[in-house]
Every structure is written in structure tokens, then in C-alpha cells.
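Peer 1: Below is one structure. I have some questions about it.
The values are calculated or read from the model by the stated rules, or taken from the named source; none is laboratory data. Note that the structure is a prediction, hence the values are computed from the model and not measured. As a convention, Cβ positions derive from the backbone with ideal geometry for all residues, glycine included, and neighbour counts pool all protein chains shown.
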Amino acid sequence: MLREKSELIAHIHKILDISLTAGAFISAYFIKKYLLPLPIRGLTTLPNYYIVLFMIIAIWYVTFNFFSLYSPFRKQNLSQILWNMVKAVLVSTVILNLCMYLFKITDVSRIMMGSFVTLNIILLGLSKGLAYIVLARFRAKGFNFRNVLIVGSRAGAKDIIDAVEDHPEVGYRILGCLDGNVENVGERVKNEVKVIGTINDIEKILLEQVVDELIFAMPLKMIKEVQKYIFIAENIGVTVHILPSWEIRKLGYTPSIGSIHFETFQGIPTMALTTTSKEKGDLLLKSLFDYTFALIVLILCLPFFIIIFITIKFFSKGSVVFKQERLGLNGRKFILYKIRTMISDAKEVQKELQAMNEADGPVFKIKKDPRIIPFLGYFLRKTGLDELPQLINVLKGEMSIVGPRPPIPSEVEKYDTWQRRRLSMKPGLTCL
């Protein structure tokens, strides 16, 4: 999914803002010169308004960065975004007037500049409001949600619950809270959020449920062996937030994989430990490539699919498309599509062949698998053409073109904790 946090999105956002600012200035120029009623219509040939426009672009660009207009929308509300934008425009206007005074640029139309500032605020406000609403509705339909597990059930946890439920459009879902006392399991913390387990259940929940972010909302000194739980989350690839008092430094804990930084969670300061790539711009380009490549290849391969489907029907009874439940990002379940290359009852026959398994660990694999459809099945597997329907999974946002292969749930149940880290990124069609 496209994330506002990405560097590339931020650059596009900046270009859009500057383009709208330049458009507002040009519009104000033509309005003052041609559209206003007499006698206020018209402009003198001096000053050089090209120079003024150049100064506006430079000043607005710097000031917009200073006012953090390109922070992720998920972590802000609309009024905060718009207020920051208005402040940035007003401060930029003051700086522009100061620069024009220092460079002795005189006779600039005040009516035109007033029109420009007004148009600038309106255009920027409309663009940011529209983007915010579209993203909010996108998340309201169940897309791009992040599941949150809270450690603690007191004041800190209630603050997190309030922050999330006051702004459902940001796309967070609270799975529940964990408490240090087993007697509190099942109790309601606030609204519909309950204590779903004890602190000792952290590892079990992270392994069995889809958890995107883990928030420690209680003092770390109250959690026995807290380093172990942070280490588990880090190894799995789940983002960790720690509400202040910043006691992680007292533990002497140094991440072996991830990195620690400070960020706000719905306006609440937290310490975050993340283990996935920070190259958000690169990830966005990768995502754009995934969707474009998948769409083009699916269209080009449509005649091939028709031929293969007819041929498989000729060789073997049953469905042409093989569907199987797999696990994706952070353990999300999805249905993976492949061209069927095995006999229709391959799953039942596997139990009889279990002793012939040649793979180590939880994976089942036989070099010359007797369940494969003769000739055609081997050809499709050897060429990798049986994997092409997974381009549909790519278009659905469940997979990427390049990435670790999506495992089946029974395999993941046998994983060691450190192996769960492969689920911290989208699975891929090509493997590593």
C-alpha cells in the first residue's frame, strides 16, 4: 500500500504544494490585471513579478519543511494539518515582505498579494483536506489498518485507547490489553477494549495473531524480563512503542536487528523500535513496479492461460486453479493462486508420502513427487509458469514480485521465534 510516510510521497507532496502556490500567484496576477472591476483592475510593468514568484517558491519550500507539513497524515488530525499549513503560509508571507524590503522591491500590488495569500490557503487547504478525506475513507473500508496490542491496562493504556478511538480514520485497531495479573483477564479496560491475556502471553499472541505494533503503556520496571519480550517483537518484525518514562536505557538494551527512534502515536510521545527497512521511497517504487508489472504481464499472458487451462482439463480432472491459504505480512491470511500441477487429491496423498520428505524443518518437498501431473505439471513447475496466477495476489496487495515465498500456516506453527521475521515484509512471487 502507498504510505504517506515514504520519502517519495513527501517529495511528491512538496512538488504539489509548490505547484499550487505558484498557481495561486499566477491566478492572483491575472485576476488583478484583467478580472477585477475598475478602477482597481490592472498592474504596472514594475516590479518584475517573475522575480517575486521565484522568491515565493524558494521561501515557501523552506518554510513548509520547517512547519512539518509532510509528516504522515496517519499521525495527525485534519485541523492540525490545516493549522500548520496556515501558519506556514503566513510566516512565509512575512519573510517574503522582509526580503522584498531588503532587496528594495517596491510597488508590488497589495491587492494582488492579498489575493495570492487567500488563494494559496484555499488551494492548499482543499488539496490537503481532500487527501486526508480520501485516506480516511480508504481506511474506513478496512484497507491499510494496523493492529495494535497494548501492554498495560491502566492510565497509559486508556490514553492510547482514547487517542485511537477519537480518530478512527487514521486506521488503527486495538486487539486488546495485557495485564500483569491473571485475575484481570476478561475485564473491560475502556469502552469495548478488554484485557485479553497476561504479559506472559506476549509471545503467544505475537505468533498466533496479526499484530503490527506493540505498545508498552506501563513502566518497564514493572515487567519481569521485559528485555525478552522486546527481543521477541524485534525478531518477529513487529514495531514497538514505549511510552515515557524512557526506561529502556536503564536496561542496557541494544537492538541487534532494529533501530530505535522517537515518534508520536496519535499525539502521544513514544519510543519506537522498528526492524523493517527505512528506505520508504525505495519501497514505494518497488510497490509501484509490482502493480504495473503484474497488470501488464497478466494482460499479455491471457492467451497462454486459456491454452494451459484447456490442456490441464485434458490431462487431469478437477479445478484448473489451485487455491491455498498462506500467511503474508505480519501473519495476515490470504488465498494464494497457482495453476494446478498436481493430481486433485494431492493433499490426502501427502500423508502417505510424509516419510519421503527431503526438506529440513517444517517444509514438505520431494524431488520426484509422484503427485505431479506427468509432462505438463513438470514443465510448468520447471519453468515457474504455474506461479503466474499469483500476479493476481500482487494486484490485491497481498504479495510483491520479489520477496520470501509465503508459507502455509502449518509451517509457521513450527517456526522458531527468529524465523517469524520473514513475515515482517510482504511475501514475494520470485523468492529471495
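Peer 1: In segment 8-35, how many are farther than 30 Å from TYR70 by Cβ and surrounded by fewer than 16 Cβ atoms within 10 Å (Cβ to Cβ)?
Peer 2: Of the residues in that region, 3 qualify.
Peer 1: Kindly indicate whether ILE335 is within 29 Å of ILE236 (Cα to Cα), touching a Phe, Trp or Tyr at 6+ places or on another chain (Cβ under 6 Å) and at pLDDT 85 or above.
Peer 2: no
Peer 1: Follow-up. Condition check: modelled with pLDDT of 85 or more, assigned by TED's automatic domain parsing to the domain that holds ALA24 and surrounded by fewer than 15 Cβ atoms within 10 Å (Cβ to Cβ). Does PHE103 satisfy that?
Peer 2: The answer is yes for PHE103.
Peer 1: Can I ask one more? Looking for something among the β-branched types (Val, Ile, Thr) and either in the same structural domain as ILE15 (by TED's automatic domain parsing) or over 17 Å from HIS241 (Cα atoms) (or both) - is there at least one such residue anywhere in segment 196-206?
Peer 2: Checked against the condition, which is being among the β-branched types (Val, Ile, Thr) and either in the same structural domain as ILE15 (by TED's automatic domain parsing) or over 17 Å from HIS241 (Cα atoms) (or both), segment 196-206 yields at least one hit.
Peer 1: Just one of LEU38, LEU69, LEU46 is closer than 27 Å to ILE81 by Cβ and either assigned by TED's automatic domain parsing to the domain that holds THR292 or outside any helix (DSSP H, G or I) (or both); which is it?
Peer 2: Residue meeting the stated conditions: LEU69.
Peer 1: Okay, next question. Go through segment 382-416 residue by residue and tally those that are modelled with pLDDT under 90, exposed (fewer than 14 other Cβ atoms within 10 Å of the Cβ) and either in contact with a Cys (Cβ under 7 Å, 6 or more places away or on another chain) or assigned to a helix (DSSP H, G or I) (or both).
Peer 2: Number satisfying all stated conditions: 3.
Peer 1: Return yes or no: is ALA88 over 30 Å from PRO269 (Cα atoms) and under 42 Å from the mean Cα position of the chain (by Cα)?
Peer 2: no
Peer 1: Okay, next question. Do we find a residue being at pLDDT 80 or above, over 28 Å from the mean Cα position of the chain (by Cα) and over 29 Å from GLU208 (Cα atoms) anywhere in segment 250-262?
Peer 2: no
Peer 1: Which ones in segment 207-228 are within 12 Å of THR239 (Cα to Cα) and either of a type outside the set (A, V, I, L, M) or modelled with pLDDT under 90 (or both)?
Peer 2: Once the filter is applied, which keeps residues that are within 12 Å of THR239 (Cα to Cα) and either of a type outside the set (A, V, I, L, M) or modelled with pLDDT under 90 (or both), segment 207-228 yields ASP212, GLU213, PHE216.
Peer 1: Let me ask something additional. Just to be sure before I move on: is TYR378 surrounded by fewer than 16 Cβ atoms within 10 Å (Cβ to Cβ), modelled with pLDDT under 90 and of a type in the set (Phe, Trp, Tyr) in the structure I sent?
Peer 2: Yes; evaluated as a whole, the condition is true for this residue.
Peer 1: In segment 287-315, what count of residues is obtained for those that are free of Cβ contacts under 8 Å to residues at least 60 places away in the same chain and touching a strand residue (DSSP E or B) at 6+ places or on another chain (Cβ under 9 Å)?
Peer 2: The number of residues fulfilling the criteria is 1.
Peer 1: Out of all the residues in segment 178-185, is one or more in contact (Cβ under 8 Å) with a residue 40 or more places away in the chain, under 23 Å from the mean Cα position of the chain (by Cα) and in a loop (DSSP other than H, G, I, E, B)?
Peer 2: The answer is no; no qualifying residue exists.
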